[in-house]
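Accompanying notes for the structure given below.
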Amino acid sequence: MWDGTGGRYDQSALRELVEAERGRADRAAGVALRHEILMETAVETMRPFHRRMARLHRATEGRHRAAAELHAGYVAAVNDWAAGRAGAPPAFMAAVAEKAGVPSLAVTLFSSPGTAALVVSDSLAAKVNDLECVFGEGPSREMPGVCGERELSSRWPRFGPAARELGVRAVVSARLGLREAPLGTLTAYRPEPEPDAAIARSTELVADALTATALHPDTRLDAEDGLPVHPLFGDLDLEAVVHQATGMVMSTHDCTAPDALALIRAHAYTRDESVIDVARTIVGRTSTLS
């Protein structure tokens, strides 16, 4: 979390990131413009090539501009908070969601099957994503793209109806990371029965922006926790407590990790509690699931 004193996410580094992304966008725009001009003057056989190159670089420009604007929005939110110092410092994903016009966003990062890390923009995203953890099904685990109200329930017969009770009637998911090496998902939870194309585009742009910045292989790692030095990870709700609780349940019940996690999920569902809250009671030794 941003600590208001510079922390490991000092604003100067973020401003440099914003300027770097804007510079990349400007360079991509310049290349695109050259191909657009050549497309009008080149011989007929070369025009398709210039058209493809122009589209490619315009798309690259769009990704970099989106990344710059998202991070600039976060810097502005931090500055506003610092000026008043009221309440908690702003969360990165909350600022991103506001900038993108998609209030309820969840970033789910997968390190191995059954393990995940989570960052959410608001309480609704947290509650709905927790349903996915409870039922072991849902959009952040499958990347379905756009999923409307009817498909929500038919595709996930347990998650869908429970999500609707919270007011979610449609979802949009986008891949985080490269196509050949996905790192997780970005999921938007929506109250409308069918998310429009603008929401889908915004979600894709945010996913691309996070892939190019926070999740980029060149992002410097923190020496202490090994996480990338980026504000996204300051709000990371690593499900470490769930993993720790799973290990404790494995020991006390002499079962495998999947069976232990299933016990925790079932306990959470029957008690109408979050999986993380149940895990905390296990780690705090106030519950053993017995």
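Look at (i) 1.13; (ii) 1.24; (iii) 1.32: the one that is Cα Rg over 2.2 N^0.38 Å derived from this structure is (i). The angle between the Cα long axis of helix 197-212 and the longest principal axis of the Cα atoms of the chain comes to about 90 degrees, rounded to the nearest 10. Heavy-atom surface analysis with a 1.4 Å probe gives the chain a carbon and sulfur content of 54 percent of its accessible area. Probing with 1.4 Å while keeping every protein chain in the model, the per residue accessible area of the stretch 182-290 equals 52 Å². The residue among L176, T187, P217 whose Cα reaches farthest toward the positive pole of the charge dipole of the stretch 148-219, with charges on the beta-carbon of Lys, Arg, Asp and Glu, is T187.
Among the protein heavy atoms, those of L236 account for about 30 Å² of accessible surface (1.4 Å probe, every chain in place).
With axes computed from alpha carbons, what is the tilt in degrees of helix 257-270 against the longest principal axis of the chain, rounded to the nearest 10 within 0 to 90? Compared with the principal axis, the helix lies near 80 degrees. Spin-label model, D222 to A197: label points 7 Å out along the Cα-to-beta-carbon direction sit 4.1 nm apart. Determine which residues of the stretch 63-77 fall in the zone a paramagnetic label at L178 would reach in this model, i.e. backbone nitrogen under 19 Å from the point 7 Å along Cα→Cβ. Label zone hits: 63-64.
Computed over the chain, the per-residue total of -39500 (n - 2.57) for DSSP H runs of n ≥ 4 gives a 222 nm mean residue ellipticity of -18000 deg cm²/dmol, rounded to 500.
Computed about its Cα centre, the charge dipole of the chain is approximately 660 debye, with only Lys, Arg, Asp and Glu carrying charge at their Cβ.
The values are calculated or read from the model by the stated rules, or taken from the named source; none is laboratory data. Bear in mind the structure is a predicted one, so any value in this text is a computation, not a measurement. All Cβ positions, even for glycine, are placed from backbone atoms using ideal geometry, and neighbour counts span all protein chains on display. These accessible areas exclude ligands, DNA and RNA; they are computed on the full protein's heavy atoms, side chains included. Shrake-Rupley method; radii C 1.70, N 1.55, O 1.52, S 1.80 Å.
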